[in-house]
Amino acid sequence: MASFLKSLFGGKTNAEEEKQKKETKNFEILKFDGLRAQRIGRVDYAVKCFTEALLIREDFETMNYLSSLYIRLGETQQARDLLKRMTKLEPDLPATYLVLANLCYIEEKYEEMEQYATQGIRLKADDPVAHYLLGKSRHCQKDPIGAVAHLTQALSLKEDYTDALLARGEILLEMKQLHEAREDIDTILGTDPEHEAAILLRGNWHEAAGAPEAAETDYRQLIALNPFNESAYIILSRMFAEKKEIEKAIDILDEAIEFNPGSATLYHRHGELRLLHGDKEGSAEDSKKALELNADALGSISGQFNNQPASSNVLGSLG
């Protein structure tokens, strides 16, 4: 009787165990293949493998790999959905919330960004990145005082936090706090004299301080360091245009286009200046070229840092 019962119920148990073993094996194969594909640059196949693996098992590590790939591909919505699932599996891991905050920044969802950054602080109050992200979210929500407070908190936790110094310097400049803004700029350049964003911000500072010649020197220094930096060319051409030196402004953008022939923004600005100069045919050609390159890339570049990417040590794999 005992052997009969064992064979009756044992057969069912063995079938379930075999099914679980098969699922585990398939999951591990898919996960391994995804990692191997990722290492050799087959991102599309890696995404497929990780996605199929997650249909078998909700695995935090695999979700982390897949979310990182989505971020690389610019698929922010898919990455965000996956990271939300990760917070349910590991609700006390602050790094996940910080990646979510960064993605919300990219998607301009600033209130949601604030929520995730705040959650990161709740879980790890001494994390400078969380305070930095909260400061960025407050800035984007038109709260400069709150933004400066949180960025200052980030810097109290990490004195050499360049992203926080840069962001605070930008906001202080917007607030016309020139002395304090210059201190942050000089702190960055004291450590890294060729920091491009800081040089650009120093140029903005010189303009605000009524020193256009010094500003021009900064923008030309930036171009010398990196001839592919569109912002420096655009701001420099704008300065000449404001002085009614349209030919000089056009010449600056001619140079910019030589280094950046695929920039719709440069062609758009070039066309505007040629129209001001009376060259309607040339302006029309530039406008057509800009639209051919990218109709969505014709946004304004002011030389400020309102769209400065959040800290690079957050965005990506949680490791």
For the chain, built as a Gaussian network whose Cα springs stay under 10 Å, the top-fluctuating residue of Leu123, Leu100, Leu165:
Leu123
Trypsin sites (Lys or Arg not before Pro) within region 169-270, DSSP loop, no more than 14 other Cβ atoms inside 10 Å:
Lys176, Lys243, Lys244
In Å², nearest 10: area of Ser156 left accessible to a 1.4 Å probe
80 Å²
With Cα coordinates, the longest principal axis of the chain makes an angle with the long axis of helix 230-242, in degrees rounded to 10, of 30 degrees
Gyration tensor on Cα atoms of region 230-290, a ≥ b ≥ c root eigenvalues, a/c under 1.5 rounded, else prolate if a/b beats b/c, else oblate, says oblate
Just report the Cα centroid separation between region 18-95 and region 213-277, whole Å.
44 Å
Using the beta-carbon distance between Ala208 and Lys243 and R0 = 22 Å, what value does 1/(1 + (r/R0)^6) give for FRET efficiency, to the nearest 0.05?
0.80
Past 26 Å, Cα to Cα: identify those pairs from Lys31/Lys88; Lys48/Lys289; Lys248/Lys289; Lys48/Lys88; Lys88/Lys142, in the order given.
Lys48/Lys289; Lys88/Lys142
Where is the GNM fluctuation largest for the chain (alpha-carbon springs, 10 angstrom cutoff): Gly169, Gly262, Gly271?
Gly262
With a cut-off of at most 13 other beta carbons within 10 Å, and DSSP calling the residue loop, which GluC sites (Glu not before Pro) in region 31-133 qualify? Please list them.
Glu58, Glu107, Glu108
For Lys288, give me every one of the aspartates and glutamates with a C-alpha distance below 20 angstrom, ignoring sequence neighbours fewer than eight places off in its own chain.
Glu230, Asp251, Asp254, Glu255, Glu258, Glu272, Asp279, Asp296
Order the following by accessible area, largest value first: Met175, Met239. Probe radius 1.4 Å; ligands, DNA and RNA are ignored.
Met175, Met239
Students often get this wrong, so try it: which of [x] 13.4; [y] 21.7; [z] 18.9 is mean projected area of the Cα convex hull in nm² as calculated from the structure shown?
[y]
With springs connecting C-alpha atoms under 10 Å apart, model the chain as a Gaussian network and identify which of Val99, Val47, Val129 has the largest mean-square fluctuation.
Val47
If the cut-off is a Cα-Cα distance under 24 Å, which lysines reach Lys158, setting aside same-chain residues fewer than 8 apart in sequence?
Lys124, Lys136
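The values are calculated or read from the model by the stated rules, or taken from the named source; none is laboratory data. Note that this is a predicted model, so its numbers are computed, not measured. Virtual Cβ from ideal backbone geometry, glycine too; neighbours counted across all protein chains shown. Ligands, DNA and RNA are excluded from the accessible area calculation, which covers all protein heavy atoms including side chains. Shrake-Rupley method; radii C 1.70, N 1.55, O 1.52, S 1.80 Å.
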